[in-house]
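Working notes for the structure below.
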Amino acid sequence: MIRFEHVTKRYADGTTAVDDLSFEVAAGELITLVGPSGCGKTTTMKMVNRLIEPTEGRIFLDGQDISTVDPVELRRRIGYVIQQVGLFPHKTVLDNTATVPHLLGVKRTEARARAAELLDLVGLDPKVYGSRYPEQLSGGQRQRVGVARALAADPPVLLMDEPFGAVDPVVREHLQNEFLKLQSQVRKTVLFVTHDIEEAVRLGDRIAVYGQGTVEQFDAPAVVLGAPATPYVADFVGADRGLKRLSVTPIEESDLDQPPVVHLDDSLRSATARLSAEGARWAVVLDSEDNLHGWIPAGATEPAGPHNGATHEGATHEGGTVREHARRMEAWLPVGASLKQAFATMLQHDAGWIAVIDERSEGRFLGVLTPARLHEALRRSIDADGRKVSRTEVEVETIG
Ligand code: ADP
Ligand code: MG
């Protein structure tokens, strides 16, 4: 979708901002460009929409050399979001968002209807915020309007230059999560500039780590964190990169163990037999749709002790069903949640394992994650992501 070929930018004063840069980005990828201030990120970005012309080299968009494309036409295909959003102060939020389609000749009512949809998409209720003016919004809300406006002409490419840099850390994390959700729906090809490594690993499908005008490493987050290409990258990602890797490695189905499973309406007698046959101390309890209900310890079938006394008397013996003895499961996560969330959940509930469910199918139980399997998943993530990167590169070949 976007290809840099030996691109160099030297400014008039002799500063080499970008030095012989070559990389490729596939359609629908979210790439973060990360590096310290002055390393050439903004220059890279502005060459894509021709706010800056390269000194040497060529840039291709969808196979087309952009130096041959009229800049105005080019910018219609590229949304642009910057830190100081630059909303028109005298226009309402709705009209700000509708600006570009309106300029492109879309009828006013149509442009506004589309703008309302986009505001909704970025988490601003158009009925509440549409008629406000920019000064009546918080910083985070203004950035949301900026994102909505950049999406208004439905461009395939989005350039974002430190879009969340000016908001406080809590709002920033919120905006990041919202943006990831948004991106999963709209699937734009995104170049996202940041100087914050946390933001880069959280958002990027791949990360370009900048040195001085050059890219030192261009890989999936888990690879950059797990196998930094140079000492500079290792230093930049920080000594706690092992911990950071937990947050960029998702739980996959193949990471899970399969414990004994019983159903709510099973008789206690058969559940007990199951557990003792497998020598297990507990079983997961599912409902008739195989959704997670809870768990049951092997001891649940013992005669009532002082703690689970009078109320269960009668039911505690062979006659009852699993339903009466199932316990609530606190420690569970959807598949795809990060290993960091898994680890945090284990610590929070002091649990030796957590249940993993499929949220898309209303909570179907998939298996359990144990600390040993968590460790294996973390080690495997580097290889797996390495493979993902090469697949992406193959795709790019065929697109270009
Ligand atoms: P970043 O966005 O990573 O902070 P920039 O791309 O803005 O970096 O800048 C890269 C380098 O180019 C810096 O040394 C900066 O001072 C220099 N630079 C940026 N714009 C200009 C310009 N118009 N003229 C001269 N030097 C510039
Ligand atoms: Mg910059």
So which of Leu180, Leu151, Leu191, Leu158 ends up being within 16 Å of ligand 1 (Cβ to nearest atom) and either surrounded by fewer than 19 Cβ atoms within 10 Å (Cβ to Cβ) or under 11 Å from Val81 (Cβ atoms) (or both)? Leu191
Per-region count, region 1-30, residues more than 15 Å from ligand 1 (Cβ to nearest atom), surrounded by 17 or more Cβ atoms within 10 Å (Cβ to Cβ) and of a type in the set (A, V, I, L, M, F, W, C): 6
Scanning region 209-235 for residues that are over 21 Å from the mean Cα position of the chain (by Cα) and of a type in the set (A, V, I, L, M, F, W, C), the one least open to solvent (accessible area, probe 1.4 Å) turns out to be Val233
What number of residues within region 194-209 are within 16 Å of ligand 1 (Cβ to nearest atom), among the charged types (D, E, K, R) and at pLDDT 95 or above? 0
Considering only residues that are of a type in the set (Ser, Thr, Tyr), within 19 Å of Pro155 (Cα to Cα) and touching a residue at least 12 places away in the same chain (Cβ under 8 Å), which ones fall in region 172-211? Thr189
Can you find, within region 42-59, the residue that is farthest from ligand 2 (Cβ to nearest atom) among those that are open to solvent by 10 Å² or more (accessible area, probe 1.4 Å) and not β-branched (Val, Ile, Thr)? Arg58
Kindly state which strands (runs of 3 or more DSSP E) lie completely within region 228-308 and contain at least 1 residues that are touching a strand residue (DSSP E or B) at 6+ places or on another chain (Cβ under 8 Å), within 22 Å of Gly336 (Cβ to Cβ) and free of Cβ contacts under 8 Å to residues at least 60 places away in the same chain. 292-297
Residue list for region 213-269, restricted to those being aliphatic (A, V, I, L, M) and under 21 Å from Gly40 (Cα atoms): Val215, Ala220, Val224, Ala229, Val233, Ala234, Val237
Take Val81 and decide whether it is open to solvent by less than 10 Å² (accessible area, probe 1.4 Å), part of a helix (DSSP H, G or I), in contact (Cβ under 8 Å) with a residue 60 or more places away in the chain and among the aliphatic types (A, V, I, L, M). no
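The values are calculated or read from the model by the stated rules, or taken from the named source; none is laboratory data. This one's a predicted model, so the numbers in the text were calculated from it and none came from an experiment. So basically every Cβ, Gly included, is an ideal-geometry build from the backbone, and we count neighbours across all protein chains shown. These accessible areas exclude ligands, DNA and RNA; they are computed on the full protein's heavy atoms, side chains included. Shrake-Rupley method; radii C 1.70, N 1.55, O 1.52, S 1.80 Å.
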